[in-house]
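A quick write-up on the structure given underneath.
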Amino acid sequence: MPQPQLHVTVIRHGETNSNLNHILQGQIDTKMNRTGMEQAESVGRRLRKLKIDHIYTSDLIRAKKTANAIAKHHPDTPLSTDMRIRERDFGRLSGLSIHDALDLIKNEGLTWDDYGEPEEDFKARVVDFFNDIVATHLPRNSNELPLDSKQPGKRRNPHIVIVAHGGTINRLVKQHVIMDLGFHVNDYLSMKHKAKNTSVTKFVVRRKKTGDDLSNIIGIDDDDATSVVSSDSNNSMKDDDNNSEKAMNSRRDIERKIRLEGEVGLWSCVSHLSSIGKRTHGDSQIDEFVH
């Protein structure tokens, strides 16, 4: 029996006027423009025939509306909002054009990291979210796999959808799944692009079949493994007296012991937009900052 795995599809929200005009949105609750709504409808149609077990979305309206366009094709699928997958808060830079923000940073003699939410805190909450979805949705054995409604008596791998923001997707997929956990990437050339509006990114997660898994290393049951990540990292932060970098390193070390593996099979695909002749956003260098 193949190792059970969790299929994850990650969607960036549809276009906003701030995206179009290179404005730093951060956690400003901007709405999608007409093009963004059409993009959301298009990605919803793309995913309409897939079996989805749960949809998670940022609580910001541009992500929620995109998630709703997907969820309407899956009326029986739970839809949850989660603040941990919000975009980074840019503080005083929020609402400024990228050029005005760069001028302000230069004039004040500071760096990007001096404004708004600390980068390590941003990534930490995204990783917390990832740990929770793995604990909730990744089966420990084949008996926990959901039943396949199309093939009575057979089971299938679970599939969840996450609707979030460009910065969140970069931290989740590029930084954590690929760099921290070492997931294989099927097409590295595609990774040079940013996550475009309503782009589709896919990866799978499974537990490695090894004799030195977490239960053997630290003497706990497998179903308690992900809780160790949370408790140990919290203790590290307390012991460290706000030494966030050391706490993050501790978190990464513990996660590696859980022995997760997987592949990123698709990155920032927007083939669904070609059929409606709509542009997308995220190809230029400037878009790294405009989420």
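Using just the Cα positions, wrap segment 62-117 in a convex hull and report its mean projected area in square nanometres, one decimal place.
For segment 62-117, averaging the hull's shadow over all directions gives 4.9 nm².
Rg/Rh, computed from the Cα trace of segment 43-179 with Rh as the Kirkwood radius, has the value 1.08.
Taking all protein chains together and rolling a 1.4 Å probe, LEU50 ends up with roughly 70 Å² accessible. Near the amide H of VAL163, within less than 5 Å, lie the amide hydrogens of ILE11, TYR56, THR57, SER58, all on another chain or at least 5 residues away, with H placed in the peptide plane. In segment 97-195, the portion of solvent-accessible area held by carbon and sulfur atoms comes to 49 percent [1.4 Å probe, whole percent, DNA, RNA and ligands not counted]. When nucleic acids and ligands are ignored and a 1.4 Å probe is applied, ASP82 ends up with an accessible area of around 30 Å². Between GLU120 and LYS72, residue separation times 0.36 nm minus the direct Cα-Cα distance comes to 13.8 nm. Cross-link pairs exceeding 24 Å between alpha carbons, from the set LYS49/LYS123; LYS72/LYS202; LYS65/LYS194; LYS51/LYS123: LYS49/LYS123; LYS51/LYS123. Over segment 106-176, the hull volume per residue, using the convex hull of the C-alpha atoms, is 106 Å³. Rounded to whole numbers, the Karplus 3J(HN,Hα) couplings from phi for segment 97-113 are 5, 4, 5, 5, 5, 4, 5, 4, 4, 5, 5, 8, x, 10, 10, 3, 5 Hz, using 6.51 cos²θ - 1.76 cosθ + 1.60 with θ = phi - 60°, and x at Gly and Pro.
How do LYS194, LYS209 stack up against each other in accessible area, from largest to smallest, with a 1.4 angstrom probe?
Descending order: LYS209, LYS194.
Taking label positions 7 Å along the Cα-Cβ direction at both THR81 and GLN151, the computed distance is 3.8 nm, reported to one decimal. Taking every alpha-carbon pair under 8 Å whose residues sit at least 6 apart, segment 1-122 reaches a relative contact order of 27 percent.
Based on alpha carbons, the Rg and Dmax found for segment 1-109 are 16.9, 61 Å.
The values are calculated or read from the model by the stated rules, or taken from the named source; none is laboratory data. Just so we're clear, the structure is a prediction, and the values are computed from it rather than from any experiment. With ideal geometry, Cβ positions are generated from the backbone for all residues, glycine too; neighbour counts draw on all protein chains shown. Protein only, heavy atoms only, side chains kept; ligands, DNA and RNA dropped before computing areas. Shrake-Rupley method; radii C 1.70, N 1.55, O 1.52, S 1.80 Å.
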